[in-house]
Amino acid sequence: MAEGSNTVHSPFLTYVSMLSLLTLCPPFVILLWYTMVHADGSVSQTWNYLYQNGFEGFINIWPSPSATACKIIGCYAAFEAALQLLLPGKRVLGPVSPTGNQPVYKANGVAAYIVTLLTYVALWRFGIFDPAIVYDHLGEIYSTLIFGSFIFCILLYIKGHVAPSSSDSGSSGNVILDFYWGMELYPRIGKHFDIKVFTNCRFGMMSWAVLAVTYCIKQYEKNGTLADSLLVNTALMLVYVTKFFWWEAGYWNTMDIAHDRAGFYICWGCLVWVPSVYTSPGMYLVNHPVNLGTQLAVSILVAGILCIYINYDCDRQRQEFRRKNGKCLVWGKAPSKIVATYTTTTGETRTSLLLTSGWWGLARHFHYVPEILAAFFWTVPALFHHFLPYFYVIFLTILLFDRAKRDDDRCRSKYGKYWKLYCEKVPYKIIPGIY
């Protein structure tokens, strides 16, 4: 059975959640866009429209994929692919896979991020391309991405069967499971173009920053000024995405890259869900400028930056601990740790160090707390007139709590008695003293 298809939940629940995600997520993206841009951010307004007009009304608000959208997406994807391949970067080794493979990456994310944003703003400043066009065609862009990404995931599925890039691939014997969870752990085109780095980092996360800037430019062109609410929202999102690219090599060691295979769950999510749902608070603020006043704006900004810093420091602390094999200081003291041995699928015995002090002594997944709070702080400039801008915060909370469960279950089966010992030393899963 493919490692990616090892499910934490019961088979029935897995099928229900998979089929509902496959069928419900695409229309939800369109409804989210429509509500934010055309229905004043009001769920009840969209609901009344659908109630009166039924399925036909829903079909009428779903924009058709367009040539303009294809051009925008095509140019952006080609530009990001070119930067990923051509920009210089340090050679970085990923974690050793269950079958003993160790992927090699080129760490040029920060350079790609800087070049992308500078190019985008320069195209606007010199009158070559108006980013407001992206906002005006957003529905068509999401529609094109929905269908295009389905085709992309089907091609990934076929590639996994016909031409896998490494021995870290395989079928569960079930077409839906294979399509949803993916066939390959590290799919590549040729030797150097890593598909998951492209979908997750260079297309998905980069689009978050590009769209955040787009929303600012659209509001500025529309109103001749920028509301402090959108400024705070954009600043925090850009700080978060900057943190992501600064730490990109660390991301390649996480569950998304090292454990989840490249299927609909990961790839469609990064190609469609990230540019739509993750950017949605900013999408709402374009047409709903809120004036927070300097004091409140600065307070939200500082609180958000603090959360992003703590989230970064959690990851940095664990990375440094692993890199130095435990021979480092954590919060000024020698770290407390558990030396855990485990057996790989090939029968080799290996050792891992589990950190039980610093941030990682507070809870096993404490780093999710500042991440959820950061999302709250870049959404709260929208205030509380409507519920929908907070959908991302709620979604992120569910996603991270589920990921904590999947990660705990995977570690329990990997480390056995050592994991039990670790849970005794660090009893809380996410929120210290509560959960």
Considering only the stretch 115-130, I want to know if a residue exists there that is more than 30 Å from MET183 (Cβ to Cβ), in contact with a Ser or Thr (Cβ under 9 Å, 6 or more places away or on another chain) and of a type outside the set (Gly, Ala, Ser). yes
Can you work out which of the residues in the stretch 15-37 that are without any contact (Cβ under 8 Å) to a residue 60 or more places away in the chain and among the hydroxyl-bearing types (Ser, Thr, Tyr) is farthest from ILE141 (Cα to Cα)? SER17
Residue match in the stretch 375-397 (condition: surrounded by fewer than 17 Cβ atoms within 10 Å (Cβ to Cβ) and without any contact (Cβ under 8 Å) to a residue 24 or more places away in the chain): yes
All positions within the stretch 402-435 that are under 20 Å from the mean Cα position of the chain (by Cα) and open to solvent by 60 Å² or more (accessible area, probe 1.4 Å): LYS405
If you go through the stretch 31-66 one residue at a time, how many are part of a helix (DSSP H, G or I) and in contact with a Ser or Thr (Cβ under 7 Å, 6 or more places away or on another chain)? 8
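One line per residue, one yes/no per condition, for (1) of a type in the set (S, T, N, Q); (2) outside the structural domain of SER97 (by the TED database); (3) touching a helix residue (DSSP H, G or I) at 6+ places or on another chain (Cβ under 9 Å); (4) open to solvent by less than 50 Å² (accessible area, probe 1.4 Å):
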residue	(1), (2), (3), (4)
VAL121	no, no, yes, no
PHE147	no, no, yes, no
CYS153	no, no, yes, yes
ILE158	no, no, no, no
Out of ILE154, ILE158, ILE128, ILE176, report the one residue that is farther than 26 Å from SER66 by Cα and free of Cβ contacts under 8 Å to residues at least 60 places away in the same chain. ILE158
Out of the stretch 100-144, which residues are charged (D, E, K, R) and in a helix (DSSP H, G or I)? ARG125, ASP136, GLU140
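Residue-by-condition table, conditions (1) in contact with a strand residue (DSSP E or B) (Cβ under 8 Å, 6 or more places away or on another chain); (2) in contact (Cβ under 8 Å) with a residue 24 or more places away in the chain; (3) over 30 Å from SER352 (Cα atoms):
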| position | (1), (2), (3) |
| --- | --- |
| ILE73 | no, yes, yes |
| ARG91 | yes, no, no |
| ASN101 | no, yes, no |
| ALA112 | no, yes, yes |
Would it be correct to say that LEU373 is over 29 Å from the mean Cα position of the chain (by Cα), in a helix (DSSP H, G or I) and not assigned by the TED database to the domain that holds VAL274? no
Please tell me if PHE203 is modelled with pLDDT of 90 or more, under 19 Å from the mean Cα position of the chain (by Cα) and surrounded by fewer than 20 Cβ atoms within 10 Å (Cβ to Cβ). no
Tell me whether the stretch 223-245 contains one or more residues that are free of Cβ contacts under 8 Å to residues at least 12 places away in the same chain and under 21 Å from PRO275 (Cβ atoms). no
Residues of the stretch 82-99 classified as assigned to a loop (DSSP other than H, G, I, E, B) and either modelled with pLDDT of 95 or more or not assigned by the TED database to the domain that holds TRP208 (or both), total: 3
Is it the case that some residue within the stretch 67-81 is open to solvent by 60 Å² or more (accessible area, probe 1.4 Å), at pLDDT 95 or above, assigned to a helix (DSSP H, G or I) and not hydrophobic (A, V, I, L, M, F, W, C)? yes
Taking SER165, is it free of Cβ contacts under 8 Å to residues at least 60 places away in the same chain and either among the hydrophobic types (A, V, I, L, M, F, W, C) or more than 18 Å from TRP273 (Cα to Cα) (or both)? yes
Hey, LEU117 hits all of (1) surrounded by fewer than 20 Cβ atoms within 10 Å (Cβ to Cβ); (2) more than 25 Å from ASN287 (Cβ to Cβ); (3) out of contact with any Asp or Glu (no Cβ under 9 Å at 6 or more places or on another chain); (4) at pLDDT 95 or above but one; which does it fall short on? (2)
In the stretch 387-416, which residues are modelled with pLDDT of 95 or more and not hydrophobic (A, V, I, L, M, F, W, C)? PRO389, TYR390, TYR392, THR397
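The values are calculated or read from the model by the stated rules, or taken from the named source; none is laboratory data. Remember, predicted model here, so these are calculated numbers, not experimental data. Positions of Cβ are generated from backbone atoms using ideal geometry, with glycine treated the same way; all protein chains shown enter the neighbour counts. Ligands, DNA and RNA are stripped out before the accessible areas are found, and what is left, the full protein with its side chains, is counted by its heavy atoms. Shrake-Rupley method; radii C 1.70, N 1.55, O 1.52, S 1.80 Å.
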